[in-house]
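*Asks:* Shown below is the structure under consideration.
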Amino acid sequence: MKDKIVVYRKLPNDLLNYLQNHFEVRYFPNLDEHSYTQFLNELTDAHGLLGASLKIDQEILNLAPNLKIISNISVGYDNLDLPELKRRGILATNTPGVLTETTADAVFSLVLATARRIPELDHFVRSGNWSASIEEELFGVDVHHKTIGIIGMGGIGQEVAKRAHLGFDMQVLYHSRTRKQEVEEKLGATYCSLDELLSQSHFVCVMTPYTPETDKLIRERELQLMRSDAILINGSRGKNIDEGALIKALKQKWILGAGLDVYEVEPIKEDNPLLTLQNVVTLPHIGSATKETRYKMAKLAIENIEKGLNGQTPPNLIK
Ligand code: DGY
C-alpha cells in the first residue's frame, strides 16, 4: 500500500502528478476555514505532511498518529514544534539553499523601494499629481556608499551583503551568532555588537531566523539607538521586531522608514497602523516568491518527503 501524504500548499502540476503517481495524495491547494475540517480529518492516517507556514503543534500532531515526516516548503521552520516532533520520532525537513539569492533580491528591493520611495511615487504619478518637477519633500535618500547593518549573517544575509558591497559600494556591518571570516575577507564586512550596528547603519536589515532568543530582538530601546535617517528592513520573521514599538518609532520619526516583508500576524490585519504610514513599504511575505524558486522549493520538499518515507535520510533533515 502507498504511503499517504497530505499536501497543503499549491504545487506545480508536473510535481503534483509525480507525487500522485508515487503516493496516495490528499490535496489542499488553498487551505482555508472551509477546507480546514476536511484537512484535519485526513490527518488520521497520513504518513507525510507537505506544505508551508501552518503551525504544527501538539494539537495537530495528536490528530496524526501515523505521521513519519513533515516536509516544510520553506527555509524557516519556526512553525514547527521541533522538541515535540523529536519526542514522537517524526522527521522534519526544510528547503534551504534554493531560495537564498531570490530572497536576497527581495530584501534588496525593499532597501531600494524604501530609500527611493518607489511605491509612494508610483502612486503619485498614477493619481495624476505629476504636474511639475517634484519638490524636495518627495526626494528619497541615497543607497550607494551608505552603511548597511545585517543582523544574522546566514546564507541570505551573505547574499544581501554581496549585493550591497559589490553592487552599491556600501560599507557592510554585521552582527551574528558566529563570526564569518570569509565574508569579512571577501566583502570587507565588519563584525560588531548589535548596539554598534544599530547606531551606525543607514539601513538595518533583520535577517535572522525566528527563535525564542530573537523574539522581539528589536524593541523600543533598539529603535531608539538607530539613526534618525535610518531605514529598518525586515525580510526574516515579523516576530523578530516588536511591531508596536516600530509603529511608535515610525510615527514619532525616531527613524526614517521601514521596508517590511513580514509581520507579527500574517496576512496583516486591515486595521494595522503600519498600513496608514507613508514611510513604510509593505510586501506580502514574498521573499522566495518567484516562479523559478517556488518550483525548486517544491521539488526539494518532495525529494525530502520521498526520501524520508522510503527510509532514507532526507537531504535537508532538520536536526
Ligand atoms: C521561508 O522559506 O522561510 C520564507 O520565509 C518563505 O517565503
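The values are calculated or read from the model by the stated rules, or taken from the named source; none is laboratory data. Keep in mind it's a predicted model, so treat the numbers as computed, not measured. With ideal geometry, Cβ positions are generated from the backbone for all residues, glycine too; neighbour counts draw on all protein chains shown. What goes into the accessible areas is simple: the full protein's heavy atoms, side chains included, and nothing from ligands, DNA or RNA. Shrake-Rupley method; radii C 1.70, N 1.55, O 1.52, S 1.80 Å.
*Asks:* Given (1) touching a strand residue (DSSP E or B) at 6+ places or on another chain (Cβ under 9 Å); (2) open to solvent by less than 10 Å² (accessible area, probe 1.4 Å); (3) over 14 Å from LEU300 (Cβ atoms), where does GLU42 come up short, assuming only one miss?
*Replies:* For GLU42, the exception is condition (2).
*Asks:* So LYS319 ticks every box in (1) closer than 19 Å to GLU220 by Cβ; (2) exposed (fewer than 15 other Cβ atoms within 10 Å of the Cβ) but one. Which box is left unticked?
*Replies:* So LYS319 meets the others, but not (1).
Yes/no matrix, rows are residues, columns are (1) away from the ligand (no atom under 16 Å from the Cβ); (2) not polar (S, T, N, Q):
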residue	(1), (2)
ASN66	yes, no
ASN72	no, no
TYR77	no, yes
ASP81	yes, yes
ARG87	yes, yes
ILE90	yes, yes
ALA106	no, yes
LEU138	yes, yes
VAL143	yes, yes
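*Asks:* So, of the residues in the stretch 262-302 that are within 16 Å of the ligand (Cβ to nearest atom) and within 15 Å of ILE218 (Cβ to Cβ), which turns out to be farthest from the chain's Cα centre (by Cα)?
*Replies:* Among residues in the stretch 262-302 that are within 16 Å of the ligand (Cβ to nearest atom) and within 15 Å of ILE218 (Cβ to Cβ), the one farthest from the chain's Cα centre (by Cα) is GLU264.
*Asks:* Same structure again: Residue under question is GLU185, and the condition is that it be outside any loop (DSSP other than H, G, I, E, B), in contact with a strand residue (DSSP E or B) (Cβ under 8 Å, 6 or more places away or on another chain) and surrounded by fewer than 20 Cβ atoms within 10 Å (Cβ to Cβ); does it hold?
*Replies:* no
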